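S.K.: Mind having a look at this structure? Questions to follow.
The values are calculated or read from the model by the stated rules, or taken from the named source; none is laboratory data. This is a predicted model, so every value here is computed, not measured. We place every Cβ from the backbone using ideal geometry, glycine too, and count neighbours over all the protein chains shown. Just so you know, the surface numbers come from the protein's heavy atoms only, side chains and all, with ligands and any DNA or RNA stripped out. Shrake-Rupley method; radii C 1.70, N 1.55, O 1.52, S 1.80 Å.
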Amino acid sequence: WTATRDKSCKLPMPKGSMGFPIIGETCHWFFQGAGFHASRRQKYGNVFKTHLLGRPLIRVTGAEHVRKVLMGEHSLVTVDWPQSTSTLLGPNSLANSIGDIHRKRRKIFAKVFSHEALESYLPKIQQVIQETLRVWSSNPDPINVYRESQRLSFHMAVRVLLGFRVSEEEMHCLFRTFQDFVENVFSLPIDLPFSGYRKGIRARDSLQKSIEKAIREKPLHTQGKDYTDALDVLLESAKENNTELTMQELKESTIELIFAAFATTASASTSLIMQLLRHPAVLEKLREELQSCGLLHDGCLCQGELRLDSIISLKYLDCVIKEVLRLFAPVSGGYRIATQTFELDGVQVPKGWSVMYSIRDPHDTSAVFKDVEAFDPDRFSPERSEDREGRFHYLPFGGGVRSCLGKQLATLFLKLLAVELAGGSRFELATRTFPRLISVPVVHPTDGLCVKFFGLD
Ligand code: HEM
């Protein structure tokens with residue numbers, strides 16, 4: 001399809017450059033990362049056009065404009081992932097559903113992330129984190145934190161969310177295939193041997209085969225409320241909503257959940273560890289909070305059962321996680337398509353054009369955040385609550401009807417990781433300086449962040 005202006009609308013088109021034929025500005029975007037959007041926003045304003053991943057699109061920054069896009073779901077815009085993402089996630093994914101089907105699917109998924117379900121996942125998440133930190137600490141060499149955090153979030157998703165019982169070897173194979181899938185989810189949709197897109201399709205087919213086998217072999221625990229994993233909750237929730245999920249739907253949902261959790265959580269975990277290294281005073285304050293709540297004694301975490309409510313009551317911990325997600329929002333924005341021509345910032349967004357709203361831009365530039373570049377968890381303290389001033393200035397999990405379904409789970413995971421790091425680990429940067437960050441496909445350090453972990457003395 002061709003992206004042209006709506007001639008019936010008097011407003012001008014957004015400014016911007018469409019780059020080269022076919023590839024547009026995709027290469028600039030990959031190489032420049034966050035700087036790509038920032039430089040164009042400076043040059044063309046809050047709403048500008050570009051051409052990425054094989055299609056023309058309008059990039060929307062500025063909290064007010066982002067609000068209009070997110071609140072305009074169904075009326076002004078609807079979901080529109082790049083073709084590669086859409087094909088690889090499949091027609092039954094939430095990402096590809098719209099209107100009533102999307103609403104119905106979200107309702108079924110909501111129970112997977114309810115307070116009750118999270119409470120039942122908590123001990124297993126904690127166990128996976130503790131095992132991982134033990135392995136990291138027993139390694140005489142520094143750990144590549146980003147790479148190992150990907151493995152950690154994958155283990156969490158496969159073992160805790162899906163309850164799959166796979167051997168270490170199978171897990172390793174699944175992980176490698178999954179990496180191939182993720183690396184090619186955002187690729188040019190050119191189906192040729194050796195193209196990223198073809199590699200992604202092969203990885204998806206292989207994952208679906210393994211997942212079908214694991215689902216068929218998996219004991220199901222759908223009786224009663226003592227859930228063992230998210231797949232059980234999902235099946236029970238579907239039943240309560242008079243829906244029978246087909247094997248294809250289950251496979252696509254499973255891959256979508258792991259995909260949604262994988263890179264985002266790994267990115268946030270890496271940023272969390274980096275900030276704790278950069279700011280020892282923050283780590284110390286976290287320890288003091290754990291101590292004052294009776295969770296830390298003589299420098300060691302109490303071994304008793306940790307409850308969800310105790311984690312939620314840790315206010316400073318909450319501020320630290322929020323600030324990590326503000327300064328290092330893993331997802332830079334979301335894709336939509338204009339279902340009718342509308343106005344934004346004095347220019348037209350013509351019907352049929354792709355729209356990408358920005359998450360990172362309001363975090364980096366909004367005036368509601370004092371000293372916007374500083375890592376300052378206390379900005380989220382009850383006394384300051386800088387995020388309260390504008391809902392669409394702070395949106396690490398998106399907003400509106402398509403906001404992140406797994407946000408409570410992701411937050412719980414990060415809090416448990418921070419508790420274990422503050423209470424049970426010693427760790428130091430293994431390089432002389434902190435690495436540079438790149439933001440495609442999610443924020444991560446160029447060298448992965450090399451850190452030496454030690455057990456407690
Ligand atoms: C959607 C961020 C972790 C499941 C989203 C969106 C964002 C986001 C920004 C909205 C994208 C859009 O507007 O198009 C994050 C971040 C995470 C995280 C920053 C970690 C720090 C998770 C986890 C899960 C999850 C752990 C589940 C296991 C989902 C799902 C959607 C979604 C299913 C699609 C919702 C829909 O289309 O209705 N996430 N996410 N996310 N997220 Fe997350």
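S.K.: Using a simple spin-label model with points 7 Å from Cα along the Cα→Cβ vector, what separation in nm is obtained for GLU343 and GLN291?
M.R.: About 5.9 nm separates the two model spin labels.
S.K.: With every protein chain left in place, what is the accessible area per residue of the chain in square angstrom, probe 1.4 Å?
M.R.: 45 Å²
S.K.: Given R₀ = 25 Å, what would the calculated FRET efficiency be for GLU383 paired with ARG278, taking r from the Cβ atoms and rounding to 0.05?
M.R.: Taking R0 as 25 Å, the efficiency between GLU383 and ARG278 is 0.55.
S.K.: Please work out how much length the chain gains when fully extended from GLU244 to LYS43, using 0.36 nm per residue of separation minus the C-alpha to C-alpha distance, in nm with one decimal.
M.R.: Answer, rounded to one decimal: 67.2 nm.
S.K.: Work out, step by step, the length gained on full extension between GLU116 and ARG5: first 0.36 nm times the residue separation, then minus their alpha carbon distance; give nm to one decimal.
M.R.: Separation in residues times 0.36 nm, less the Cα-Cα distance, equals 35.0 nm.
S.K.: Please report Rg (one decimal) and Dmax (integer) in Å for the Cα set of the chain.
M.R.: Rg and Dmax of the chain, Cα atoms, are 22.1, 72 Å.
S.K.: For the pair SER195 and ASP309, what calculated FRET efficiency results from E = 1/(1 + (r/R0)^6), where r is the Cβ-Cβ distance and R0 = 41 Å, to the nearest 0.05?
M.R.: For ASP309 and SER195, the calculated efficiency is 0.25.
S.K.: Let me have the relative contact order for the chain, percent, based on Cα pairs under 8 Å that are six or more residues apart.
M.R.: Value for the chain: 25 percent.
S.K.: Okay, next question. Tell me, in nm to one decimal, what length is gained between VAL440 and CYS173 on full extension, where the rule is 0.36 nm per residue of separation less the Cα-Cα distance?
M.R.: Working it through step by step, the gained length comes to 93.7 nm.
S.K.: Points 7 angstrom from Cα along the Cβ direction at LYS351 and LYS407: gap in nanometres?
M.R.: The answer from the label model is 3.2 nm.
S.K.: Going Cα to Cα from LYS10, which aspartates and glutamates come in below 12 Å? Please leave out same-chain ones fewer than 8 positions away.
M.R.: Straight-line reach from LYS10, under 12 Å: GLU343.
S.K.: With labels modelled as points extended 7 Å from the Cα through the Cβ direction, what inter-label distance (nm, one decimal) is found for ILE98 paired with HIS74?
M.R.: Each label point lies 7 Å from its Cα, and together they span 1.4 nm.
S.K.: Is there a quick way to get the dipole size of the chain? I mean about its Cα centre, with the Cβ of Lys and Arg at +1 and of Asp and Glu at -1; what is the value in debye to the nearest 20?
M.R.: Using only the charged Cβ atoms, the result is roughly 1560 debye.
S.K.: While we're on this one: Starting from the Cα of GLU183, step 7 Å toward the Cβ, then list every residue of the range 62-89 with an amide N under 19 Å from that point.
M.R.: 84-85, 88-89
S.K.: Pairs LYS209/LYS239; LYS68/LYS370; LYS415/LYS452; LYS68/LYS124; LYS239/LYS415; LYS107/LYS370: which are spaced more than 28 Å apart, C-alpha to C-alpha?
M.R.: Over 28 Å apart, Cα to Cα: LYS68/LYS124; LYS239/LYS415; LYS107/LYS370.
S.K.: Right, next: If I model the range 341-457 as equal point scatterers sitting on the Cα atoms and use the Debye formula, what is log10 I(q)/I(0) at q = 0.12 Å⁻¹?
M.R.: Log-scaled intensity ratios, in q order: -0.70.
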